[in-house]
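Novice: Sending over a structure as structure tokens; questions will come in a sec.
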Amino acid sequence: MTTTTSRSLAISAKGLRKAYGDKTVLDRVDLAVPAGTVFALLGPNGAGKTTAVKILSTLTTADAGELHVGGHDLAADPQAVRAAIGVTGQFSAVDGLITGEENMLLMADLHHLAKGDGRRIAAGLLERFDLVEAAKKPVSSYSGGMKRRLDLAMTLVGNPRIIFLDEPTTGLDPRSRHNMWQIIRELVADGATVFLTTQYLDEADELADRIAVLNDGRIAAEGSAEELKRLIPGGHVRLRFTAPDAYRTAAVALRDATRDDEALSLQIPSDGSQRELRAVLDWLDAAGVEADELTVHTPDLDDVFFALTSSTVPSQTDKTEETVR
């Protein structure tokens, strides 16, 4: 197993704490984000995700914690941190009264770029984000997806190596979300580090190298998507029959199965592996019993999220299933 050293971390937080009055928002949170990866922070509303982004991007101060971003001590050298990062918040920061191009050039001025460099970089980013045709139009005429793309393009004017994206696809239609996903993949392929907060579990599953689940101000679990899924029990194989005799034969033989006499179905605990599925199929063949439908369920990030952030776990019928007919 490869050990991640502090030098290879783009973001490091140890004992991060933040309270507002008697409300503790972040309670001794530890984070380690390797350079050149996507790190997703999940959690319900009010869990502290945005507060974590604001602290790590120097917009808010922490009450306690050893914090390093881009190799710089957040408390001792916040200006160096600001020079290394870009931030796209939950709500678009673009100016709707001016054009997309003017927004980009304004950002270039804020980065103190020479006029020629600013125009070159702005033009390149507008092309990269498919905004050339709209560049001369007021941003107030842009769709939600176009505004988010422009917002991210403005974030990249200073060529940050660490990018904070706070719920970047909230409110976007499916096509715009997938376009944003592709942009994020390209950023990481170019060597950037992305710190992503999201409420879309499929987004974290698609993009993140590592995921942390934040609940009540603390990290409830952390790991890759597959590692988190293995934390949650509940995998099973479901057999459904149309012939009552076949159902009764199978129910008698499979004593560990959970019966549903009304639906003529059996639910067998399983980790969803090929080995266990083959064992079920071999048993059906040996017994001469034919199931009309076989469904495999393995826990997904929805299961992980519900299990770690609430006392109510969704029923098996609410979970992702793959049916084999």
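Novice: Provide the net charge surrounding residue 203, with neighbours chosen by a C-beta distance below 10 Å and charges set as Lys +1, Arg +1, Asp -1, Glu -1.
Specialist: Here the charged neighbours net out to -3.
Novice: Can you tell me the orientation of helix 115-128 relative to the chain, as the angle in degrees between its alpha-carbon axis and the longest Cα principal axis, to the nearest 10?
Specialist: Long axis of 115-128 versus the principal axis of the chain: about 20 degrees.
Novice: Now for a different question. Give me the one-decimal nm value for the distance between modelled label points at residue 185 and residue 28, 7 Å along each residue's Cα-to-Cβ direction.
Specialist: Between residue 185 and residue 28, the simple spin-label model gives 4.0 nm.
Novice: Going by average Cβ density within 10 Å per residue, which order do the peptides 273-282, 258-267 take, highest to lowest?
Specialist: 258-267, 273-282
Novice: Also, quick follow-up: Normalising by the residue count of the chain, find the relative contact order in percent from Cα pairs under 8 Å and 6+ residues apart.
Specialist: 18
Novice: If you line up the long axis of helix 274-287 against the longest principal axis of the chain, both from Cα atoms, how many degrees apart are they, to the nearest 10?
Specialist: Relative to the chain, helix 274-287 is tipped by roughly 20 degrees.
Novice: Kirkwood-based Rg over Rh for the range 67-177 (C-alpha set), two decimals?
Specialist: Looking at the range 67-177, the ratio lands at 1.00.
Novice: So, one more: Using the basic label-point model (7 angstrom from Cα toward the beta carbon), what is the residue 206 to residue 218 distance in nanometres?
Specialist: Result for the modelled spin labels: 3.3 nm.
Novice: Hey, which lysines would be in cross-link range of residue 147, C-alpha to C-alpha under 25 Å, not counting anything within fewer than 8 residues on its own chain?
Specialist: Straight-line reach from residue 147, under 25 Å: 49, 54, 115, 136, 137.
Novice: Of 96, 183, 286, which is farthest towards the positive pole of the chain's charge dipole, taken about the Cα centre with +1 and -1 on the beta-carbons of Lys, Arg and Asp, Glu respectively?
Specialist: Working it through, the farthest residue towards the positive pole turns out to be 96.
Novice: Out of all DSSP beta bridges with both ends in the range 6-229, state the antiparallel percent to the nearest 5.
Specialist: 55
Novice: Also: Roughly what angle does helix 244-253 make with the longest principal axis of the chain, taking Cα atoms, 0 to 90 degrees, to the nearest 10?
Specialist: So the helix axis and the longest Cα principal axis differ by about 80 degrees.
Each value in this text was obtained by applying a stated rule to the coordinates, not by laboratory testing. Because the structure is a prediction, the values reported are computed rather than measured. Please note: Cβ atoms are built from the backbone with ideal geometry, for glycine as well, and neighbour counts cover all protein chains shown.
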